[in-house]
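Data block below; observations after.
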Amino acid sequence: MWNAPDQPQTTPTKELHLWPHQSLRPRGYAGFLGATSMLILLPLMAVLGTVALWWLLPFFLMTLGGLWLALDRSRRDAQVFEILTLTPDHAYLRRRNPRGPVLEWDCNRYWARPEMHEHGGPVPYYVTLTGAGRKVEIGAFLSEEERMALYDELVTALRR
């Protein structure tokens with residue numbers, strides 16, 4: 001999970017890049033929509049050449065359009081990206097949301113403290129970073145196991 005940045009630095013820096021898992025790639029996206037349209041068209045073959053086809057066709061198109069919109073919205077919502085940069089003096093978190101501004105948090109590394117909220121957060125094992133008078137979430141889109149591993153890595157990295 002931890003990467004060294006590409007640019008040369010005089011002080012050692014660590015970066016943690018976090019993003020949600022996307023199981024449906026663009027090629028699978030097109031294949032799924034194509035296969036679904038073929039499966040829906042199969043029963044329409046029975047009414048081919050009749051007036052009933054024109055009554056059923058709008059529902060077919062609405063179904064495909066709704067499926068396309070839902071998959072596209074899901075793909076856009078998964079475009080969250082977080083970068084936590086740790087230098088010897090500072091902890092800097094940058095979050096790029098799919099819609100909205102880029103959110104940033106900067107804190108003296110000595111005061112930065114990770115916290116895990118097993119219950120009461122928006123998700124189980126909710127991880128936050130506290131420092132500079134603010135509490136920010138990190139990795140809320142990860143699975144429970146990934147959030148637990150993230151917390152352990154944050155504790156270890158910030159302790160050094």
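The numbers here are math on the coordinates, done by the rules we state, and not lab data. From a predicted model like this one, the values you see are computed outputs, not experimental measurements. Neighbour counts are summed over all protein chains in view; Cβ atoms, including those assigned to glycine, are modelled from backbone coordinates with ideal geometry.
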In the stretch 79-144, the trypsin sites (Lys or Arg not before Pro) that sit in a DSSP loop and have at most 13 other Cβ atoms within 10 Å of their own Cβ are ARG99
Karplus (6.51, -1.76, 1.60) ³J(HN,Hα), θ = phi - 60°, over the stretch 17-34, in Hz, Gly and Pro reported as x: 9, 10, 8, x, 6, 10, 7, 9, 6, x, 5, x, 4, 5, x, 5, 5, x
Can you pull the Kirkwood radius for the stretch 97-157, inverse mean 1/r over Cα pairs, to one decimal in Å? 12.3 Å
In the neighbourhood of ARG99 defined by beta carbon distances under 14 Å, the net charge of the other residues (Lys, Arg +1; Asp, Glu -1) is +3
What ranking do 13-21, 53-61 get when scored by the average of other Cβ atoms within 10 Å per residue, highest first? 13-21, 53-61
When the gyration tensor of the stretch 21-98 is built from Cα positions, what are the square roots of 5 times its three eigenvalues, in whole Å, from largest to smallest? 45, 12, 5
Over the residues of the stretch 27-160, compute the C-alpha Rg and express it relative to 2.2 N^0.38 Å. 1.66
Pick out, in residue order, every one of the GluC sites (Glu not before Pro) in the stretch 43-141 that is DSSP loop and has at most 15 other C-beta atoms within 10 Å; say none if there are none. GLU118
With only helices counted (DSSP H, runs n ≥ 4, each -39500 (n - 2.57)), the per-residue ellipticity at 222 nm for the chain, to the nearest 500, works out to -13500 deg cm²/dmol
Output wanted: per-residue J couplings in Hz (rounded whole) for the stretch 53-59, from phi through Karplus 6.51 cos²θ - 1.76 cosθ + 1.60, θ = phi - 60°, x for Gly and Pro. 4, 5, 6, 8, 4, x, 5
